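Below is one structure, written out as structure tokens, with a few remarks after it.
The values are calculated or read from the model by the stated rules, or taken from the named source; none is laboratory data. Here the structure is a predicted model, which means the values were calculated and not measured. Reconstructed Cβ throughout: ideal geometry from the backbone, glycine too, with neighbour counts over all protein chains shown.
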Amino acid sequence: MKLTKTVWAAAIASTLMATSLGAHAESKKELVQKLLTLQQPALEGTARGLAENPARQLAGAAQPVLAQAVPEDKREATAKQIDAEIRKYLDVAIPVLRSTTVKLSQSVIGPMFEERFTEDELRQLVTMLESPVLKKYQGLLPEMSNALVEKVVQEARPQVDPKLQAAQQNIRKILDTATGGKLSGGQSSQPAPATKPAPAKK
């Protein structure tokens, strides 16, 4: 009688252990998926940055040309056309990069979570990322950053602006000289050096 009970107890314990191990593996995958879901806003932010960086470069490259080569009466209309083209690019690029980033996170980031973190560590990460305090802090980050940037700009502007303006003027002169004044409509900010000596008077 006691032997039978012992055998049954061992069988039940083995079954429970196997079930527990199966649940452990499944639970870890679920935790990884939960982490990826929690990270989705950050992933989407990364995707937006990937799309916006080239757009900023396009706008930055167009700005000097607008200022130097486009007649003043056409600048506003030309700038609007450029903005429209950049918006068209962003309207396509942001959704594509967002969906690609979220999709690839499953095969790129997911295995890293699963391989390098224990189940207990994954639970701690989930708890941390779900923390209302952390969410409050993350929600405050843009406001804190904007407030700091605004104050830094106000305080440093008197020292930085003259340097920036001098650099812009010097770059403009360099470009005007190098292109023979083409960027400024044929009027170089500095006279082009004479290539031949003036003929001697007779």
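Do you know which residues across the range 103-118 are of a type in the set (D, E) and either in contact (Cβ under 8 Å) with a residue 12 or more places away in the chain or outside the structural domain of P41 (by TED's automatic domain parsing) (or both)? The one that is of a type in the set (D, E) and either in contact (Cβ under 8 Å) with a residue 12 or more places away in the chain or outside the structural domain of P41 (by TED's automatic domain parsing) (or both): E114.
Conditions tested, residue by residue: (1) farther than 29 Å from S184 by Cβ; (2) loosely packed, with under 11 Cβ neighbours inside 10 Å; (3) in contact with a strand residue (DSSP E or B) (Cβ under 7 Å, 6 or more places away or on another chain).
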position: P54; (1), (2), (3): no, no, no
position: A67; (1), (2), (3): no, no, no
position: R75; (1), (2), (3): no, no, no
position: A93; (1), (2), (3): yes, no, no
position: S99; (1), (2), (3): yes, no, no
position: V102; (1), (2), (3): yes, no, no
position: S107; (1), (2), (3): yes, yes, no
position: P111; (1), (2), (3): yes, no, no
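Residues in the range 135-163 that are farther than 30 Å from Q40 by Cβ and surrounded by 11 or more Cβ atoms within 10 Å (Cβ to Cβ): V152, V153, R157, V160, D161. When you look at G181, is it exposed (fewer than 11 other Cβ atoms within 10 Å of the Cβ) and either in contact with a Ser or Thr (Cβ under 6 Å, 6 or more places away or on another chain) or under 23 Å from A47 (Cβ atoms) (or both), yes or no? For G181, the condition - exposed (fewer than 11 other Cβ atoms within 10 Å of the Cβ) and either in contact with a Ser or Thr (Cβ under 6 Å, 6 or more places away or on another chain) or under 23 Å from A47 (Cβ atoms) (or both) - is not met.
If you check E121 against the conditions, is it in contact (Cβ under 8 Å) with a residue 24 or more places away in the chain, under 30 Å from S27 (Cα atoms) and surrounded by 11 or more Cβ atoms within 10 Å (Cβ to Cβ)? Criteria not met by E121. Scanning the range 105-127 for residues that are acidic (D, E) and either outside any helix (DSSP H, G or I) or touching a helix residue (DSSP H, G or I) at 6+ places or on another chain (Cβ under 7 Å) (or both), we see that the one that is farthest from Q33 (Cα to Cα) is E119.
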